[in-house]
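The values are calculated or read from the model by the stated rules, or taken from the named source; none is laboratory data. Since the model is a prediction, treat every value here as computed from it, not as a measurement. With ideal geometry, Cβ positions are generated from the backbone for all residues, glycine too; neighbour counts draw on all protein chains shown.
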Amino acid sequence: MPRILERSAKVTRPAATEILHRQRLFQLLDRCLDRPVIWVSGPAGYGKTTLVNSYLKDRGHNCLWFQIDEGDHDPATFFYYLGLAAKNATPRRQRLPFFKPEYLPSLPTFTLRFFEKLYQRLKSPCFLVFDNYHEVSGSAPFHDVMLNGLSHIPAGMTVILISRQEPHANLARLQANRRMHVVGQKNLRLNLEEAAAIARLLSKKTLPKERVRRLHHGVDGWVAGLVLALETGTREEIDFDVVARHGTEEIFNYLAGEVFDKLDSRTRTFLLKTALLPQMTARITDPLTGISRSGRILAGLYKGNHFTERRFRHKPEYQYHPLFKNYLQERAKDTFAPEILSELQHRAAALLEEDGQEEAAIQILQEAGEWQGLFRLVLKVAPRMLAQGRSRRLQDWLELFPGTMVDENPWISYWLGICRLAFDPLYSRQRFQKAFETFKAQGDEAGVFLSWAAYADSIYMALDDFALYDHWILVFEQLLETFDPFTTEPVEARIVAAMLTALTFRQPQHPDINTWVDRATAVLTKTPDVHAQNRILQALIYYKINLGDFNSASQILLMAKPLPVPADVDPLAWITRNIHEATYFACLGMHTTCFEKLDEALNISEKTGVHILDYLLHENRTWWLLNQNDLEAGGASLEILEPFVDSVPLVKQAFYHDLKSQEALCRKNLPEAARHADLALKLNCSAGIFWVTCFNYYKTAQVLTEMGRFSEAAQHLEQAAGMAEQIDSKLIDFYILMSVAHLRLARGEKDAGLSCLREALQLGKAHRFNYVFLDHPAVSAKLCTKALEEGIEVAYAREYIRNNNLIPATPPLHLENWPWPLKVFTLGRFQILKNDRPVRFRRKTQEKPLALLKALIALGGRDVRKEQVADFLWPDTDGDMAHRAFKTTLHRLRKLVGIPEAVVLNGGEITLNPQYFWVDVWALQHLLECAGTAWQKASTAETAAEAAETAQKAIDLYKGRFLNGTDTPWAIALHEQVRNGVIRNIENLGRYWQEAGMVDKAISCYQHGLELDPLAEPLYQQLMRCLGQTGRKTESMSVYERCKTNLADKLSIAPSAETEAIRASLLAGE
């Protein structure tokens, strides 16, 4: 019979009786202390436990004692009782964590952390004793647990393992690595001197040496055999030649029988009846045996060394030596009639249950085959077992019941489903459905709703088919006609969490969803169940955020109860809560806080070994990185996910492909973006989550629009709009309007597109939708660029861009009103703005960093060789000195602008990052290039007007000389280039106005050009013609005189023949 020990007997050190102190072995153990582990092994009855216990007492060592039994093959049971032992030893310290199902994939990590905490609690020097190691089978994971637990034993701590067997193969490596000593049977055998001492101790007199020698020889140094031989009396009563041919257990049974038969009838009956018990107190043995004050018998057995151990905690508790217990149980079967033995078992189980030893009672009822009593007791302990993380042990008991009983008792199916829900939701779903149907037929109200909630939970846990919710939502509504689901708070919390999750993810358009939201909000503040609370919190936040109601989401988050501390008490609850909070903070644009929450969750996961949510954590991290346009970090995070994508549920696969689509779109890989968007949409349609399917329809439409597949994009937007009509979500309306604007602008429907864009931005501004998280940032960047170009909700668009770090595929250099992190003005003035605020600096101390910045701008700012810059700034310095000066100056420049990544050094080439820098001269060069192309293509009135508009923007941007006051060749060259470009465009624009019949505008244009360049003779010529055309001959002549004077004074030349011809023509017209 496997022995399941409970409470103090399992975790309490045996009391030391009047025994021989074996100094020979004490000294051996002293010598073994140079290694952290000692393995003491030998057959039953060789005094292993007594040796270790007496040694620790003799040497005065502190110790924590743990008695292993068959139940410890389950890691959760082992850690539960070892934690109980630690709590008994250090009652003021918080209990060590339970081993719950979420730890199973990372059992080694949990083991290391658990033992580390255990060792820290025990005051050094200290011994940790594991007795009866042989009770656990050789194939159990327990041996791996022990190996990990013993791998980092701190100084001052010694672990002693007591077993009937040689070290398990897993632990043998400790011996090979010189970390473990073995004290074996050869060491444990009594020598003649020790045998004589024991004989003298038990007999209270000195026996003849010859008799002692024969006894010692007959039992071959076996302690239990010697004790029993002494109990039998004379040598002639034992034929050692016969018993020597048998094993130790048979010998023990023979000798024990000899001793047992000599006891009085009352004591024999007491022994046989109490052999059913794992451990004994007078409180239990009195009613079981019918003998009052039976504690005296127990005390006498202990004092008389009748193979009875005693342990003290709050009261003395006794247990028989395993060999003696087995003998008594077999003798009881032969002595008592089956019905009497059955009655004893029932009475023993009842007494054990009453004493709080339910597991021992379960073991007895199992052996008795008393299924109804077993059923009642297993159901009683099931919630507690799950709370302790011992679902495997509970499942073992539940699987004992015969099939007919399972069919009749739906609670068995229910608890079997609960035991496996975390890792096999599909199996659990079948169990819950069977339980639900039987509960309903039996009219069991609590069972009906708990099994309904559990089935709903299995749908969520599986993450594969949310359409199953439709049927179960309908079933629930039908149940309300017959049953009341809210009879108790625990049941209410489970039901509310399940129903709100079902409605939020599958039917947010349900007419009663707000009623459930109100009920869930009330339950959130009072339920002590942190996991039900987290599920409710997730559903509420998810629902409110998707509606665009961020204020309510914030209030709900504040209402949630604090979680137990520290985090390793319930790491899964902490990780889950951090994910919910990270989502909320990300939606508010609090990205730093969001990543802090995700990092905290990952740290808890790594520290505690709870990795079942790691994939979700990395998915969320990837999502927010890509939303912040951090393609490098987002791509690296995607690589972490990729190896696992085919093995995760549909919903997670869909999320992965959605992220891949977003990354591909940002990298302008449209075919890949479309492929992954299509996969994400198909998977989400199969999974059936309402919101995500809607999101995927319009996000896929955005990708199709970018590819020019307008008809397909329109169809997807119709699907999204149809879903949006079923709910009142301003957030979804906002994203769909943005997507429609994107499509219409791409199709060339400018007015309709701008109208949609205006409506979307007005809606976003009104509801403070300031952050991108449900569409493609690349598309948002393009639309915000258009809004700034057209002057639509400029302030909101700028805020939206800045909050989301939006970066268009091509930096919009033509938009000074884009919220650039850094702006540098070089035309007519030199100024640096950071986030639209001037950067203050002392010119003298920052002279070289500013010179470096100016040189980089003049050289184009892209891939500028550092040698070229060094030649410009330190022309008279040798190479090494110039290199050091460059390195120092670059550091100072980065510090000056305050954004280190804005100035990039890569492979000896330096770049001013265009994602951060807007420089007026670069913007001017861009506009001049665009204007030049536009004038060449200006074949119609419309294209000419577009060219004129672009030219005017360039002209307006030119505010004066490039780096005015800087007379270096590279500065002068760039100045001449842009000035000449501006003058050409002024000339072109003036002619455009002339041809359009708008002479006054042409005159203003030419006058502005001459203010910029008083030596531009072509402008004088055109201005003279325009003035003459309007009859302003005097002004025309004045312009001629100014031209003549400036050319003579500055260039020492006379006006050209063309200028003279214009003058003559004007004069002739008098």
**OP:** State which residue is modelled with the lowest pLDDT when the search covers only the stretch 1012-1070 and only residues that are among the basic types (Lys, Arg) and within 30 Å of Gly828 (Cβ to Cβ).
**Re:** Lys1050
Original post:
What helices (runs of 4 or more DSSP H), lying completely within the stretch 361-449, carry at least 1 residues that are touching a residue at least 12 places away in the same chain (Cβ under 8 Å) and closer than 30 Å to Val569 by Cα?
Top reply: 371-387, 391-398, 410-420, 425-442
**OP:** State all residues of the stretch 781-810 that are touching a residue at least 40 places away in the same chain (Cβ under 8 Å) and either farther than 12 Å from Leu737 by Cβ or not in a helix (DSSP H, G or I) (or both); if no residue qualifies, say none.
**Re:** Lys782, Lys786, Asn803, Asn804, Asn805, Leu806, Ile807, Ala809
Subject >> Close pairs from the stretch 212-223: first under 11 Å from Leu192 (Cα atoms) and among the polar types (S, T, N, Q), partner surrounded by fewer than 23 Cβ atoms within 10 Å (Cβ to Cβ) and at pLDDT below 85, Cβ under 9 Å, at least 6 apart >> reply: none
Original post:
Here are some conditions: (1) within 25 Å of Asn805 (Cβ to Cβ); (2) more than 11 Å from the chain's Cα centre (by Cα). Val569 meets all but one. Which one does it not meet?
Top reply: (1)
**OP:** Name the one entry in Thr515, Thr501 that is farther than 18 Å from Tyr460 by Cβ, part of a helix (DSSP H, G or I), under 33 Å from the mean Cα position of the chain (by Cα) and not acidic (Asp, Glu).
**Re:** Thr515
Original post:
Of the residues in the stretch 718-746, how many are within 20 Å of Ile792 (Cα to Cα) and either touching a residue at least 24 places away in the same chain (Cβ under 8 Å) or among the basic types (Lys, Arg) (or both)?
Top reply: 15
Original post:
When you scan the stretch 551-580, how many residues do you find that are in contact with a Lys or Arg (Cβ under 7 Å, 6 or more places away or on another chain) and either β-branched (Val, Ile, Thr) or closer than 21 Å to Leu503 by Cα (or both)?
Top reply: 3
Original post:
Looking at Val129, is it at negative phi, crowded, with 21+ Cβ neighbours inside 10 Å, within 25 Å of the chain's Cα centre (by Cα) and at pLDDT 90 or above?
Top reply: no
**OP:** Return yes or no: is Leu761 free of Cβ contacts under 8 Å to residues at least 60 places away in the same chain, within 34 Å of the chain's Cα centre (by Cα) and in the same structural domain as Asn684 (by TED's automatic domain parsing)?
**Re:** no
Original post:
All but one of (1) at pLDDT 90 or above; (2) closer than 20 Å to Gln279 by Cα; (3) in a loop (DSSP other than H, G, I, E, B) hold for Ala44; which doesn't?
Top reply: (1)
Original post:
Is there a residue in the stretch 992-1009 that is in contact with a strand residue (DSSP E or B) (Cβ under 7 Å, 6 or more places away or on another chain), modelled with pLDDT of 90 or more and on the phi < 0 side of the Ramachandran plot?
Top reply: no
Original post:
Is it fair to say Phe466 is surrounded by 19 or more Cβ atoms within 10 Å (Cβ to Cβ) and assigned to a helix (DSSP H, G or I)?
Top reply: no
Original post:
Inside the stretch 265-284, can you point out the residues that are closer than 18 Å to Gln363 by Cβ and under 52 Å from the mean Cα position of the chain (by Cα)?
Top reply: Thr274, Ala275, Leu276, Leu277, Pro278, Gln279, Met280, Thr281, Ile284
Original post:
So which residues in the stretch 45-97 are over 26 Å from Phe324 (Cβ atoms) and among the hydroxyl-bearing types (Ser, Thr, Tyr), if there are any at all?
Top reply: Tyr80, Thr90
**OP:** Among what's in the stretch 58-108 and is closer than 19 Å to Met146 by Cβ and among the polar types (S, T, N, Q), pick the residue that is nearest to the chain's Cα centre (by Cα).
**Re:** Ser106
**OP:** For the stretch 956-970, indicate whether the set of residues that are touching a residue at least 12 places away in the same chain (Cβ under 8 Å), more than 16 Å from Thr826 (Cα to Cα) and of a type in the set (A, V, I, L, M, F, W, C) is non-empty.
**Re:** no
**OP:** Can you tell me which residue within the stretch 166-182, out of those that are of a type in the set (A, V, I, L, M, F, W, C) and more than 17 Å from Asp131 (Cβ to Cβ), is modelled with the highest pLDDT?
**Re:** Leu174
**OP:** For residues that are more than 41 Å from the chain's Cα centre (by Cα) and either within 20 Å of Leu896 (Cβ to Cβ) or basic (Lys, Arg) (or both), tally how many sit in the stretch 802-834.
**Re:** 7
Subject >> Restricting the stretch 811-834 to residues that are among the aromatic types (Phe, Trp, Tyr) and part of a loop (DSSP other than H, G, I, E, B), the residue that is nearest to Lys854 (Cα to Cα) >> reply: Phe830
Original post:
So is Glu749 more than 17 Å from Arg798 (Cα to Cα) and acidic (Asp, Glu) or not?
Top reply: yes
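Listed here are the residues, each with its yes/no results for (1) under 29 Å from Ile807 (Cα atoms); (2) among the polar types (S, T, N, Q); (3) part of a helix (DSSP H, G or I).
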{"residue": "Trp918", "(1), (2), (3)": "yes, no, no"}
{"residue": "Trp922", "(1), (2), (3)": "yes, no, yes"}
{"residue": "Gly932", "(1), (2), (3)": "yes, no, yes"}
{"residue": "Ala944", "(1), (2), (3)": "no, no, yes"}
{"residue": "Ala947", "(1), (2), (3)": "yes, no, yes"}
{"residue": "Ala951", "(1), (2), (3)": "yes, no, yes"}
{"residue": "Ala954", "(1), (2), (3)": "yes, no, yes"}
{"residue": "Asn980", "(1), (2), (3)": "no, yes, yes"}
Original post:
Can you tell me which residue in the stretch 545-560 is nearest to Ala453 (Cα to Cα), limited to those that are in contact with a helix residue (DSSP H, G or I) (Cβ under 6 Å, 6 or more places away or on another chain) and either free of Cβ contacts under 8 Å to residues at least 24 places away in the same chain or not in a helix (DSSP H, G or I) (or both)?
Top reply: Ala560
Original post:
Got a sec? Which helices (runs of 4 or more DSSP H) wholly within the stretch 98-208 have at least 1 residues that are of a type in the set (Ser, Thr, Tyr) and without any contact (Cβ under 8 Å) to a residue 60 or more places away in the chain?
Top reply: 107-121, 192-203
